[in-house]
Structures are given as C-alpha cells and as structure tokens.
Amino acid sequence: MFSNIKWILQATSSSTLKTKLSLIKEALPKVGKGDDIVRCMLCPNMCLHVCPVFDAERRLTVSPSVKSRLAYFSSGGEDVGDALWRCLPCNACKQACPTDISVNENLIDERNKICELDEEPESVKLAFITHESMIRDLEKKFREKFGEFEKRDGKLLYFPGCRTFEVAEVIRSTIKILDFLEIDFAFRNVLCCGSYLKELGYLRQFREHIRNLKDILGSYEGVVSNCPHCVKVFLKDYGIKAIHISQLIAGKIDRFKVTELSSDDPDKPDKADKLSSATYHDPCILSRDLGIVEEPRKILSELGIKLKEVGYNKKNTYCCGFGGIYPYIDTSMASKISEERRKQLIEASQTILTFCPICKKALDAKDITEVLAELV
Amino acid sequence: MLKIIRRSRYSEKIDEVVKELKRVGIKVSTHLADRIAYSKDFNPLHLNRLLDYTLPALPDAVAFPENAENVSSIMQIANSYSIPVYVFGGASGVIDGATPYCGGIALSMLSLGKIKIDAERLLVKAGAGVVGGRLEEVLNHKGFTLRHSPQSLYCSTVGGWVATKASGQFSTKYGNIEDILVSLKVVMPDGEIIEAEPLPRRAFIDPNDLFIGSEGIFGIICEATLKIRKIPKKNHKIAFRFDSMDDAVENARKIVQTFKPALLRIFDRLESLKNFNVNGVVMIVMVEGEMADQERDFVLKKVEGEFLGEKPVDDWLEERFNVSDISKFVPLGIIFDTIEVSCSWKNAMEVYRKILKAIRDVDGTLLASCHASHFYEEGLCFYFTFAGVAKNLEEYYREVWKKAMEAALGTASISHHHGIGALRAKWLPKELEGYYLIFRDLKTLFDRRNILNPGKVVDMDCTG
C-alpha cells in the first residue's frame, strides 16, 4: 500500500495539519522498525487453516501468529516453554502468507538466543540427544561394516541424508538407479547435513558442522540426495551445488520407459503393470522450497502410472508431520499429523508414492526410487 | 517485561478449579504461553499494546474440551466456583468480544474439530472449532462449497461465525450465516447440552435464533449443521466505473431488487484508487450458477457506468484475504480499524456521508474510506476503514468509535456483522431500545451467576 504514492496523498489530503505533524512526529521515526516476527504477530493468523501443527494440537498457542507473539514476549524475557519449537519446516504458512513469512525460519533466531543462554526447555535438550544418538548409531554401523553399502568414489556425491538410513531400501534403490543411469557417483560415510541443529536453534554448532563438512562436500562436482531437507540446506546454508534425486531421474526418464525395459527381457514381469495407479504425496520442502512439483508427475506419467491426485497436492500439500525437529519434540502429535495425511491419501488411492525418505516412513508410502529400481 | 492492563479477580480460586477440572479428565493449562495465547481477540487496540509487551488481560487457566460433554463438565465446575468462562474460537473477532477481562477460564473450542459431509441432504456438520478455510477446502475437494466467505475465513471458526452472526463476501446471493445455518448443538451456562435436529423448517421461534449473534453470552455453540452447495461451474465478472458513490449505489439497488449477484461491491474514490488505481468509484460484480448468462446480460444492459471489464474483479478476488496492511500500520504507531453498519436505500447516502464525516472530523484521523459490501432488497452495508495517529492512541480510537456510533444511531444499525463485544456494548441499549431489557433478562435467566463471557454485549461490568 505504501508504494501507491497517489493514494497516500489523496488519503491524507483531508487530515488536519496537526494530524500530519503527528504523523511526522510519531510514525516516521518508527519506519523500518517492525521485523517479520512483529509483522507476523500482528496478523490475525491468516494461515491458521493450513498449519499442520495447529491442526494436530488444536490450541492457539502453537498457531503461527501466536508463536510469533510468544517469540516476541520471549525476547522480552518471558518463559514461554517449548512452544517456539513446536513447528515444522513445512512452510505451509509461508505459502499462504502475502508477505512470504516463514514462521519456522523466523523462530530460529529466538530459539538460538534461548539455547545460547542454556535456557532451552528439557524437551529441546532431549530432542538434541535423540538425534545425536541416532547419528552415533549410524556412525558406529559405518565404522564396523559400513552397513551393507560399498564405499566408492566418483564425481558426484550421493548423500542419502541421515533419515534415509532409517529406510535403507531407498538407498539400495537409489544406488541401483544411479548405476543403471551410469552416473559416476561417490558414496561415503558422511551422514547428516546438520539441519536439525539449525532447527533446534544451536546455530553455533550448526556453523561448525558446516565448516567440517563443506570441504568434503565441496570436493565433488555436486551432491545428489534423497532428502529434500539436505538439498535445501546445502543450497541455502552451505552454498554448494545440490540436486534432489527426482531432478536427476526426471532428466533421464526416457531410460526407464516401461516398453523398452519389458520388451528386452521377456522373462522379466512388467512390474509397472502392478502399479497401474497411485496417489502422490508432495513432500513439503520438495514442492514449496525446491519447487519440484512437475518432475515426480512426469516420472509417473512416463512409467504409465495413472496418478490419482489427492485434494491437498503440489504446493498446497499437507505435511507428513515428521520433518524437522517436531517429531523429536512431540512424537505423538507428529504421528497425529501423519495419520491425518495418510487418511487423505488413502481416500485417493491405496498406493501412496512419494519422493522423500521421511515422508515415506511417516506415511508408510513407497519412494518413487523403489518403483524405478524394480524396473531396472 | 509483561504488563497486564486488567488483572484477574479469580487467581486465588484457580488452583482448586484446575484440580477439579483435571479430576474429571479435562485438559487444562496454567502455563504462561497458553494464557498469553488466549489473552485477547483481534481488536486493534490490543495490537498497538502488544508492541509494548502489554496484554489487555490474562486468563488464569485455559481449558481444552474435546466434545460437548467436556464443555458441560467445565460449565458445571465453573458454576460451582462462580468463576468466569470466556469462549474462544480463532480469536479473530475485532470487537473485544473474547478478551478475558475478569480472568478465570479461557475455553478453547478448537478441539471440537470434526467435519461430516452429508452429500444427500447437502449439509455439513462441523465442530465449533473447525477453521473456516479448512472447512471450505475439505468441501471443495469433494466438489462442494459453503459460499460463506468472511475475510477472516482462514482464521475464524464455525462456532465463531454463528456466535458473532458473521457475514461473507458472497452473502448478497447466498445469505449470511443465519441463512446457511440449519441446526446447532449448544451447552447452556448451567452445563445442559441441547441439540436440534437439522430440519428444513419448524414452527414456533427458531431455537437457533437464541444463539445466532449471541456472542457466547447465552450458551456455548459446540457444533453447527450448515447448508452446502455444489461449486458453481459458470461465472461472469464485470466491473464499472462511476463518477460518484451516489450513482453506483443507485445502480446497485437496481440490480439487487431484480436479482442477487454472488458478489457486489462498491468502493469509494479512495478505495478505488488504492485497490484498482482508478479515479472514480468502482463497482465489481460477479454472477454465477445456472442463470449466470442471463444475469450478466441484465447487468450489462441496465447498469449505467463505464465498463471496466473483468480485471478489477480478478484483482479483488486475488487480494481479498490480504490483511497485511495492518502489520505495516501498527509498528508505525498508527491505529487502523473498520466500522460496518447497515441502512436502508432511503437514507443510504446520508449514512455514508454522516459517518465518514464523523470519522474524518476526529483530530488524528489520517484517512477514512468506505465500501459497500453486502446488499439486500431493502438496503445495504457500508464498511468504513479508518487510520489515525495520536499521542494517546486509545483516546483517539475511542473518540472515533463514539462519533461514528452516534452518527449511526437512528439511521443505521450500529453493526452489520462484526458484532457488539465490549467495544459496542454501550450503544446497544439505544439501538435495541425495549428489546435490550428482554435480552438482559434472558442473560440473567440463562446464566444466573453471570459467568459466561461477562462484560460483553449486555453487561458493562469488568470491561476493558
């Protein structure tokens, strides 16, 4: 509204000189003072209808605008508990916001301030410990046997992402696909992008994590990952080249055409026939932050799979509940979100496909890499 | 840092009440975060105060019932302790209708969130806590719509719509919430649960009428059955420019006394310039449904304005939920609000001029504008917007409201759809005259201990 000068001049033309002077005295010194936390807390919660955390917890306390209000009061010294951490990185709020505010991203600085004072709630400390212990378990596995996967070198680094190790079949499938596509790729014992540190508000540790990992990752031509979180953080925080596996596959989808694969080998069942139709769950970060909406659909279409769209789809998707740190803060509420999402998807089709290891696990879905691996 | 304008009178009792609530299985919180979340509605005065870490009030506890039975238990316990209960939906109301000035319990209705569609009867049963935007999306995914679209659609709730007698952007054709509502499930102040079957019509006074617009003072709305319809397949959008508000309003009368367009709005010069960059008065019309072609032809033939095509309608539809101006105004120390009234065609322009002048005449007013937003055979709703700056913002704000309400009384209603709350309560006796005492008596009859939303609508005690 402030860009329309003609309007401002007309709007204020009937105000008195005294009022105009008041405007100069009271308002002008405040120009530029409100940040995104303030702007968000002054909104009536116009993204309430799309917030999955609110949808699960059903209390205003964890609604987007109120979380910003609480962050503001927290910055003023009030103890607002773990409400600031009860958020997902889904950016449903940002998608709905006319001023592009991401509540989760906005809250990170306030979380950081609290963590730096060592005043974070117990649930946050526990979330940190839970994730750290998962990483330690994985590292141990790698040290002992390197899991079932072979370490290898190549031009492009395949970085599954720590949560992908919870669904190892996706890694198996991806390696099979990368080999099939004759990609010169490396695979090594680097596990976690560190995004959970950022989400929790441990920014100092996050920066240190980046420092430790950036040299390793930077020595490759680029990184390909199954995890949209990793891709986002590599692009945004590490500043390195990274792509999601869906982008790589979509560019070479011709190689997977069902007719070619099945006609070459008469003994091999045409497995895509088994999956004649399915619904697709758009992972939040993949669709909203990375803008990858058409690639998965193109892949499914080329495979001859009839897509039965769910109501909440593409950039208007509905979160699986398990991204970011929320499942560590409150597993039962995260599960409530995933149950709601699964219910929506099942109404469209019994077969749920997705392109994210976290969503796959949360929704008991099949990753598209698995569908493709069956074909090769 | 936290400052509270009006402190609770009930803090001493709360531990015992909370213990009792927990004993019967009610989720209840006394955590500061929950209490801050349920401390206010969206009245603009509260926004300017927030910047100074100031809240108008703070409930002693927040209760989270999951069904009508829980609500009933809460009311019985609240009665036994004579402790106030303030009912909260999305807290998007602007008339200070939910702010818990007395303290006590804030009752969050948001867990009553079930949606059940009856495609055969074209009805939807929705819990009071269902958020409007969510309900509309769920309906849309199945090919239906409510066509109830208040600007607060994305943050207001079904219970809130009924309690505040809400109106939507397509009300001219489809009616206000009272026209869409079929039946209710309500918990009375003493805890009794009452429910009516969703029938097309019945004789005697409609029980719904006791609660539509009651703003939570007569009972707590737990569930509403609403009419739904199939999403119209066809629509036409048309916009016109007029030289004056008088011409546009007269042309609107011609339309609505012949048929009801889905959307009809008239913006005065200031709003036309802001919204459409047009010098003049803009009217936007959208017709939809089976008769859309004939309705478009009528509008094109009969409306005597400069044809602007459909772009202004598209622009408005695109921006209709964008309320981000508030977030830009408030940090500058500017207060911003809207006042909506209804009046008949006969004195429409008198009301328009009188109220606009009353607002502009208050020292501190930076801008005042108006659009006409809802239309009936007998009249229309004018929706005024004002922004002001002053050393004492509250004083300025209350003066604008006083002048605008005094200008409205006698020729217009004091509110069309935002409600009364605490903000307009002092002008309600004049508006209702003899009926006011009847409603006060009813309040006493229903809520003997005056524990349900005290200080609102017909009660001047314990207000902001």
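A few remarks follow.
- In this simple spin-label approximation, residue A:180 and residue B:306 carry label points 7 Å from Cα along the Cα→Cβ vector, and these lie 6.3 nm apart.
- Region B:365-464: C-alpha gyration tensor shape, a/c 1.5 cut-off, then a/b vs b/c: oblate
- Within the shell defined by Cβ-Cβ distances under 13 Å, the residues around residue B:92 carry a net charge of -1, with Lys and Arg each +1 and Asp and Glu each -1.
- DSSP-defined antiparallel bridges as percent of all bridges, region B:3-110, nearest 5: 25 percent
- Net length available on complete extension from residue A:189 to residue A:339 is 50.7 nm, with 0.36 nm assigned per residue and the Cα-Cα distance removed.
- J(HN,Hα) series, region B:404-419, from Karplus relation 6.51 cos²θ - 1.76 cosθ + 1.60, nearest Hz, glycine and proline x: 5, 5, 5, 5, 6, 3, x, 10, 9, 6, 7, 8, 9, 8, 7, x
- Rg/Rh for region A:140-225 stands at 0.99; both radii use Cα atoms, and Rh follows the Kirkwood definition.
- Residues B:122, A:138, sorted so that the one with the fewest Cβ neighbours within 10 Å comes first: B:122, A:138
- The protein assembly as shown pair-distance distribution - Cα-Cα, 10 Å bins, rounded %: 2, 12, 20, 23, 19, 13, 7, 2, 0
- Number of partner chain Cβ atoms within 10 Å, mean per residue of A:83-89: 1
- Relative contact order (percent, whole number), region B:1-137, Cα cutoff 8 Å, 6+ residue spacing: 28 percent
- Summing Cβ point charges (Lys, Arg +1; Asp, Glu -1) relative to the Cα centre of region B:13-97 gives a dipole of roughly 120 debye.
- Estimated from the Cβ-Cβ distance and a Förster radius of 41 angstrom, the FRET efficiency linking residue A:241 and residue A:13 is about 0.15.
- Among A:56, A:70, A:337 the positive-end extreme of the charge dipole of chain A (Cβ point charges): A:70
- Overall form of region B:325-418 per C-alpha gyration tensor (a/c, 1.5; a/b vs b/c): prolate
- Charges were assigned to the Cβ only: +1 to each Lys and Arg, -1 to each Asp and Glu. The resulting dipole of the protein assembly as shown about its Cα centre is roughly 780 debye.
- Simple rule: put +1 on each Lys or Arg Cβ and -1 on each Asp or Glu Cβ in region B:3-110, find the dipole, and look at B:90, B:32, B:75; the Cα lying farthest toward the positive end is B:32.
- Normalised by the number of residues in region A:45-128, the mean separation of alpha-carbon contacts (under 8 Å, six or more apart) gives a relative contact order of 28 percent.
- HN-Hα J in Hz across region A:242-251 - Karplus 6.51, -1.76, 1.60, θ = phi - 60°, x for Gly and Pro: 8, 9, 7, 4, 5, 5, 5, 5, 4, x
- Highest average packing first - B:14-26, B:351-363, Cβ atoms within 10 Å: B:351-363, B:14-26
- Calculated FRET efficiency for the pair residue B:141/residue A:172, C-beta based, R₀ 30 Å, to 0.05: 0.25
- Along its three principal directions, the equivalent ellipsoid of region B:115-230 from the Cα gyration tensor extends over semi-axes of 21, 15, 14 Å, largest first.
- Using the Karplus relation 6.51 cos²θ - 1.76 cosθ + 1.60 with θ = phi - 60°, the per-residue 3J(HN,Hα) values for region B:187-192 come to 9, 6, x, 8, x, 5 Hz, with x marking Gly and Pro.
- C-alpha long axis of helix B:348-360 to longest principal axis of chain B, angle in °: 60 degrees
- Of A:57, A:78, A:169, the residue with the greatest mean-square motion in the GNM of chain A, using alpha carbon springs below 10 Å, is A:78.
- Check: region A:125-375 dipole with +1 on Lys, Arg Cβ and -1 on Asp, Glu Cβ, in debye: 840 debye
- Applying the criteria of a DSSP loop state and at most 13 other Cβ atoms within 10 Å to the GluC sites (Glu not before Pro) of region B:93-162 yields B:120.
- The amide H of residue B:6, built 1.01 Å from its N in the peptide plane, has B:57 as neighbours under 5 Å, considering only residues 5 or more places off or on other chains.
- Residue-averaged beta-carbon neighbours from other chains (10 angstrom radius) around A:60-70: 6
- Sorting A:135, A:358 from the fewest to the most surrounding beta carbons within 10 angstrom yields A:135, A:358.
- The ranking of B:117, A:5 by Cβ neighbour count inside 10 Å, starting from the fewest, reads A:5, B:117.
- Relative contact order %, region B:325-418, counting alpha carbon pairs below 8 Å whose residues are six or more apart: 39 percent
- Cα long-axis angle, helix B:132-141 against chain B (0 to 90 degrees, to the nearest 10): 60 degrees
- Among the residues of B:323-330, the average count of other protein chain beta-carbon atoms within 10 Å of the residue beta-carbon is 6.
Read the figures in this text as sums done on the coordinates, not as results from a lab. Quick caveat, the model's predicted, so the values are computed rather than measured. Please note: Cβ atoms are built from the backbone with ideal geometry, for glycine as well, and neighbour counts cover all protein chains shown.
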